[in-house]
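Notes follow the structure.
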Amino acid sequence: MLMLNMNFTVPAKITNKGDFIFRALILAAAGIVPLLMIGILIELISNSGLSLHKFGLSFLVTDVWNPVTEEFGALSGIFGTGVSTLIAMVIAVPLGLIVALFLVELAPPKISAFFGGAIELLAAIPSIIYGMWGLFVFAPFMSEYIQPFLGDYLGFLPLFKGPPMGIGMLTAGLILALMILPYISSVTRDVFRMVPPVVKEAAYGMGATNWEVTRGVTIRYALKGIVGAGFLGLGRALGETMAVTFVIGNSHRISASLFASGNSIASTLANEFTEASEPIYLSSLIELGLVLLLISLIFQSAAQFWLWKIRKELAV
């Protein structure tokens, strides 16, 4: 038998040089991200200086938005962003969890592959398509069926008072839920697939039911991934622009009714940035962008803290 000696020694100089180049490239790639974040933050602060100087902290607690009198406040945009995102998360997170569990635990392989691919295709649809579909198809459906039904049976609540216009905060939240659902369900499905089969088999061997294995093994093992998927959807919902702009109504006001029109920070920027002819107007819009960035950073920091806390509790 012919034996080939494949043992060879890499010169030390080449190895050290390669390590140096590799580490330099990795360091440069990793350093770009915080540098970009710092640069964006500095740019937003410097360009919103007029608004910061004129309005101060009152910008965050004022709902007046009047370009004619040059009075601006971010409260209505913050309120609309928060409410529409909350509606989306309340709907999309449990629904995405259920879809992921079905695809991994219950569905046959062919059905799981088909519906899994269909869900991933939803994530590839441009947001403007969601907005157009929401305006021309979903909003009329809401005004004819859903909102009148809610008004008839739950109209005694402030949340469901008002005329059924179709567009408004509730419609925007539902469209957002439809948009972030593919992200949450896809990531959660992939996390569930990473649960070691031997762990679930051991639970079944001890007499656990399918529900007990799902609750005590699958969800517990994948809890960090589920939280991460939820915050991924949250980040997408906070910054969504075009889809929300089509269906939220774009009215600078705060209302307790989910049927009423409103606005979000992103929709305000999309609608009015090209119309900002006065320096204070443009500066106020840029400060809105700064507020949105800070909100996103706060939620991401909260997510990292929550994940750290979960890891610590699971380790104990």
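The values are calculated or read from the model by the stated rules, or taken from the named source; none is laboratory data. Here the structure is a predicted model, which is why all the values come from computation and not from measurement. Glycine also receives a Cβ, built like all others from the backbone with ideal geometry; neighbour counts cover every protein chain displayed. When the accessible area is computed, the model is the full protein with side chains, heavy atoms only, and any ligands, DNA or RNA have been set aside. Shrake-Rupley method; radii C 1.70, N 1.55, O 1.52, S 1.80 Å.
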- Quick count over the stretch 259-271, residues being closer than 17 Å to residue 240 by Cβ and open to solvent by less than 10 Å² (accessible area, probe 1.4 Å), is 7
- Task: State which residue is surrounded by the most Cβ atoms within 10 Å (Cβ to Cβ) when the search covers only the stretch 227-251 and only residues that are within 13 Å of the chain's Cα centre (by Cα) and not hydrophobic (A, V, I, L, M, F, W, C).
- Result: 233
- Meets criteria (under 20 Å from residue 93 (Cα atoms) and modelled with pLDDT under 90) for residue 221: yes
- Message: Would you confirm whether or not the stretch 174-192 contains a residue that is surrounded by fewer than 21 Cβ atoms within 10 Å (Cβ to Cβ) and not in a helix (DSSP H, G or I)?
- Response: no
- Query: Wholly within the stretch 84-173, which helices (runs of 4 or more DSSP H) include no fewer than the required count, namely at least 2 residues that are surrounded by fewer than 12 Cβ atoms within 10 Å (Cβ to Cβ) and over 25 Å from the mean Cα position of the chain (by Cα)?
  - Reply: 109-123, 147-154
- Note on the structure: Pairing a residue in the stretch 272-298 that is surrounded by fewer than 18 Cβ atoms within 10 Å (Cβ to Cβ) with any residue that is among the aliphatic types (A, V, I, L, M) and not in a helix (DSSP H, G or I), where Cβ atoms lie under 9 Å and the two sit 6 or more apart in sequence or on different chains, gives none
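Do you know which residues across the stretch 193-210 are open to solvent by 20 Å² or more (accessible area, probe 1.4 Å) and either in a helix (DSSP H, G or I) or of a type in the set (D, E, K, R) (or both)?
Listed by number, the residues that qualify are 193, 197, 198, 199, 200, 201, 202, 204, 205, 210.
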- Query: Which residue out of 287, 275, 240 is within 20 Å of residue 181 (Cα to Cα) and acidic (Asp, Glu)?
  - Reply: 240
- Query: Assuming residue 255 fulfils every condition listed in (1) open to solvent by less than 20 Å² (accessible area, probe 1.4 Å); (2) at pLDDT 90 or above apart from one, which condition is it?
  - Reply: (1)
